[in-house]
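The values are calculated or read from the model by the stated rules, or taken from the named source; none is laboratory data. Note that the coordinates shown come from a computational prediction; the quantities given were computed from them, not determined experimentally. With ideal geometry, Cβ positions are generated from the backbone for all residues, glycine too; neighbour counts draw on all protein chains shown. Accessible surface is based on the protein model in full, side chains and every heavy atom, while ligands, DNA and RNA are left aside. Shrake-Rupley method; radii C 1.70, N 1.55, O 1.52, S 1.80 Å.
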Amino acid sequence: MNDEILFLDDNVADANPSHFRYWKVLIVDDDDEIHAITKLVLSDYTFEDRKLKFYDAYSGKEAIDILNKDDDIALVLLDVVMETEDAGLITVMKIRNELTNRRVRIILRTGQPGQAPEMDVIRNYDINDYKEKTELTSQKLLTTVTAALRSYRDIKIIEQNKLGLEQIIKASSQLNETGRLREFVSGVLRQMVSILNLEGHSLYIQASTLALGESNGKFRILAGSGKYENMPSENFMEQLSEELKYRINTSFKEKKSAFYDDCFVGYFTSSNNVKYILYLGGSSKFTDLDKELIKIFSQNVALAFEKMSLSKDLMMAQKELIYILGETVESRSQETSNHVRRVANYSFLMAMLIGLKEDDAEIIKNASPLHDLGKIAISDSILKKKGPLTPEEMAIMKSHTVIGHEILRKSSGEVMRVAAQIAYEHHEKWNGKGYPQGISSDKISIAGRIVCVCDVFDALSTKRSYKKEWSISDVTEYMKKESGVTFDPYLVTVLIKNLDQFLVLKDKFR
């Protein structure tokens, strides 16, 4: 099994300066002097090593426009009386209800406290503080801003934890589906960043060699965020700093973990001898508790990943077995060996083009290779007959739909359930004159209709033992002619409109 390497980088400022270098503060007041004084008092202010970045608005409308464009503003210092006597209060309502922004902290400031009594405002409006401008001395303003930013920071941490947990739960419930492993790893990394209050990028890498730095090593990125989110898996090591590569290789060679001034590099092995490297950066303040938490968390992630990898390997083996079985059936009737792979990929493409969920499209793709499974019970004398079949022989041939359905329907698995449906329905016709049930239009399942179109498209556009390959123009003309007769007319329209994409798959699996 391949070795696994996990990273969380500390090069924060380059990735998203608007989020990491400063706290955003929006000053909303129709008095220029208030803007100037506020900035002067807070000009040297820092909270958790971040300075403030100021935005100016002189009316409630301007404030809403700014907040609508930037949802990462931490604090709004909001005047009550501006273009109208209650402009500030209306702005609060719009922020919370129209923009649905519950995260930003709002401090109301007023020079006319009688216009909006404090208790009424605090009770009726979702604000975080209410101050008269005359009482906001320099020290009190600093204290008020600090409390608001601390609250905003905590809300962000909670949100990150929530997102991470949602991602983990979603991935964990569907581990066998394509791409869920990536989602799981992204989720646990998000959790780690939130728990430790780190600021950095995360990168999880899978290596096929023991030495990460070897020139002939092959690497695959499973998940990342920040600047690593879309990083290509090939030659990605060249984009890492020399110091980072050195620390990774040192940990790998010495098979041990190490805490540095600004990062942690952990080395772990699983019960089946899979190697893991965890790199955590973005903080120079790891406490003893942080260190223990990192070690425990890393070991548990390694164990979870090991189980998920085994599950994924099993699923891949099942998929390959389905293809082999489908191809074996096709080879008995002297069809091309890649027919089932083409039909599977055509079916996935068609399902995505008509707007099915990716999970549902994947199920149809995995089920479609078994559409002719029932032919396994048809004798060679009929299956390989060169001439036309007699009515009796044709009846036996048609029975493969029922036989395939009977074999597959005994399974409780989702893929096999859909495979049974496809086997039963892929020879039904849109006009109701197909077999074995004679059902029509949308009474035929969408999976059955998709495979019907894709199966015939492939049969006509490839060479068979009993026919030459048709030209694509002849194939499309036939599909148009049978639209609304044999085929779902909408699926035929989608096929022809996106023909280039289907032909790419045809060439790939020729």
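Among 398/480; 51/245; 24/133; 385/443; 480/508, which pairs are too far apart, with a Cα-Cα distance over 28 Å? With Cα atoms farther than 28 Å apart: 51/245; 385/443. Once the C-beta distance of residue 443 and residue 157 is scaled by a Förster radius of 41 Å, the resulting FRET efficiency is 0.20 to the nearest 0.05. Remark: the range 81-95, residue by residue, has Karplus-estimated 3J(HN,Hα) of 9, 9, 5, 9, 5, 10, 4, x, 5, 5, 5, 4, 4, 5, 4 Hz, where x stands for each Gly or Pro and the curve is 6.51 cos²θ - 1.76 cosθ + 1.60 at θ = phi - 60°. Ordered by 1.4 Å accessible area with all protein chains kept, 430, 23, 470 run largest first as 470, 430, 23. Residues of the range 427-443 falling in the label zone of residue 459, defined by backbone nitrogen less than 14 Å from a point 7 Å along Cα to beta-carbon, are 427-430, 434-436. The simple Förster model, with R0 at 51 Å and r as the Cβ-Cβ distance, assigns residue 411 and residue 431 a FRET efficiency of 0.95.
The gain in end-to-end length when the residue 256 to residue 238 segment is fully stretched comes to 4.1 nm, 0.36 nm per residue minus the alpha carbon separation. Within the assembled protein chains, the solvent-accessible surface assigned to residue 157 is about 40 Å², based on a 1.4 Å probe. Take the alpha carbon gyration tensor of the range 88-157, find the square roots of its eigenvalues, order them as a ≥ b ≥ c, and report rounded if a/c is under 1.5; if not, report prolate when a/b exceeds b/c, else oblate. Oblate, since a/c reaches 1.5 and b/c is not below a/b.
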